[in-house]
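Asker: Take this structure first; my questions come after.
The values are calculated or read from the model by the stated rules, or taken from the named source; none is laboratory data. Keep in mind that what you see is a predicted model, and the values were worked out from it rather than measured. Cβ placement follows ideal geometry from the backbone for every residue including glycine, while neighbour counts extend to all protein chains displayed. SASA here: full protein model, heavy atoms, side chains in, ligands and nucleic acids out. Shrake-Rupley method; radii C 1.70, N 1.55, O 1.52, S 1.80 Å.
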Amino acid sequence: MTVMIQVTDLNKRFTLHNQGGVSYPVLTDVSFDVNAGECVVLDGRSGSGKSTLLRSLYANYKPQSGQLHVRHQGVLVDLVTATPRQILTIRRQTLGYVSQFLRVIPRVSTLDVVMEPLRAQGVDRDTCREKASGLLRQLNIPETLWHLAPSTFSGGEQQRVNIARGFVVDYPILLLDEPTASLDADNCAVVMSLIRQARERGAAIVGIFHDAGLRDQLADRRIPLTSPAKEEAA
Ligand SMILES: Nc1ncnc2c1ncn2[C@@H]1O[C@H](COP(=O)(O)OP(=O)(O)OP(=O)(O)O)[C@@H](O)[C@H]1O
């Protein structure tokens, strides 16, 4: 078993400087490992810190204490102490992050949006185009839309473009924040099968799924989160 993610005694609190400096804990002494080929689901009520934990694993948030190791090119690297340059390299090569929202770049075509993470790894344009087209087709994005910028697309179409972008690289680690939030049953099934394929090729997956049925089908293991909530706010 290869440990791909190792979270140790993680503590994260937010301080609202523009609201009298009120400060509250969200993650308290969180520890868990995720192995290659395992899909772990974050469990907890709304506000328990699921997205905060996922964003911390993508190095968007810096915890107050604890360690966040991810296996990058065979070595466990602590994201808490990694330099910004290391974090960019780790994101490019190792960490895929799929949220429910697409960050739309004006005038960039759907095909280019999807291909970009693979292009950033230095893969040739034809190979990238082939992989991106396959995913767009699988996710039922009509070919007539591929050369348009996705800014005018529906919520569900944008979400599917975002999923294609997230799966275009075979990342060793995948962080999924509600990837199926506004999808119909057919497209949900496509995403489930993409997640299963990623797990079968050995990806370590950490996901948030509000749909209990999806959670039950995908979770190899659950990580319960119980935020101490804001009543404790100082
Ligand atoms: N950037 C931020 N600044 C301040 N507080 C934040 C920030 N992000 C999240 N929080 C607070 O941290 C707590 C946890 O939020 P988070 O989004 O991680 O919860 P969640 O479990 O993902 O919730 P949900 O299931 O509703 O999406 C919430 O009380 C939220 O208000």
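Asker: Quote the FRET efficiency, to the nearest 0.05, computed for residue 15 versus residue 126 with a Förster distance R0 of 45 Å and r equal to the Cβ-Cβ distance.
Answerer: After rounding to 0.05, the efficiency reads 0.35.
Asker: Can you tell which of 78, 43, 220 shows the greatest fluctuation in a Gaussian network model of the chain with Cα springs below 10 Å?
Answerer: Highest fluctuation among the options: 220.
Asker: Okay, moving on. Compare 193, 182, 154 in a GNM of the chain, Cα atoms joined below 10 Å, and give the one with the largest fluctuation.
Answerer: In this elastic network of the chain, the residue with the biggest mean-square fluctuation among 193, 182, 154 is 154.
Asker: Could you give the size of the charge dipole of the stretch 15-82 about its Cα centre, using +1 on the Cβ of each K and R and -1 on the Cβ of each D and E, expressed in debye and rounded to the nearest 20?
Answerer: Result for the stretch 15-82 is approximately 220 debye, rounded to the nearest 20.
Asker: OK, next. Tell me the Rg and the Dmax, in Å, that the Cα atoms of the stretch 1-154 produce.
Answerer: 18.5, 54
Asker: What is the percent carbon and sulfur in the accessible area of the chain, measuring with a 1.4 Å probe over the protein chains and ignoring ligands?
Answerer: 48
Asker: Need one number: convex hull volume per residue for the stretch 118-234, Cα atoms only, in Å³.
Answerer: Working: hull volume 19.2 nm³, N = 117.
About 164 Å³ per residue, rounded to a whole number.
Asker: Pick from 190, 34, 169 the residue whose mean-square fluctuation is largest in a GNM of the chain, springs joining Cα atoms under 10 Å.
Answerer: Of 190, 34, 169, the Gaussian network model singles out 190 as fluctuating most.
Asker: Additional query: Considering only 59, 99, 204, whose Cα is most displaced toward the positive end of the charge dipole of the chain, charges sitting on Cβ of Lys, Arg (+1) and Asp, Glu (-1)?
Answerer: Positive-most Cα among the choices belongs to 59.
Asker: Considering the dipole of the chain built from charges on the beta carbon (Lys and Arg +1, Asp and Glu -1) around the Cα centre, which of 75, 158, 195 is farthest to its positive end?
Answerer: 75
Asker: While we're looking at this one, here's another question. Using the Cα centre of the chain as the reference point, and only Cβ charges (+1 on K/R, -1 on D/E), how large is the resulting charge dipole? Debye, rounded to the nearest 20. Please list the in-between numbers first.
Answerer: Details: 26 positive and 24 negative charges, 111 e Å.
That gives a dipole near 540 debye.
Asker: On to the next question. Per residue, how large is the accessible surface of the chain? Use a 1.4 angstrom probe and give square angstrom. Numbers along the way, then the final one.
Answerer: On the way: 11250 Å² over 234 residues.
The answer is 48 Å² per residue.
Asker: What residues qualify as long-range amide H neighbours of residue 41, i.e. H under 5 Å apart, gap of 5 or more or another chain, H built at 1.01 Å from N?
Answerer: Placed amide hydrogens put 207, 220, 221, 222, 223 under 5 Å from residue 41.
Asker: Ok, one more. Can you give me the long-range amide H partners of residue 26? Hydrogens built in the peptide plane at 1.01 Å from N, cutoff under 5 Å, separation of 5 or more residues or another chain.
Answerer: Amide H neighbours of residue 26, under 5 Å, 5+ apart: 12, 13, 14.
Asker: For the stretch 80-176, what does the equivalent ellipsoid look like in terms of its semi-axes, each the square root of 5 times an eigenvalue of the Cα gyration tensor, given largest first in whole Å?
Answerer: Ellipsoid semi-axes (Å, largest first): 23, 15, 12.
Asker: Which order do you get for 38, 116 if you rank them by accessible area with a 1.4 Å probe, largest at the top? Spell out each step's value before the answer.
Answerer: Values: 38 30, 116 85 Å².
Putting 38, 116 in descending order of accessible area: 116, 38.
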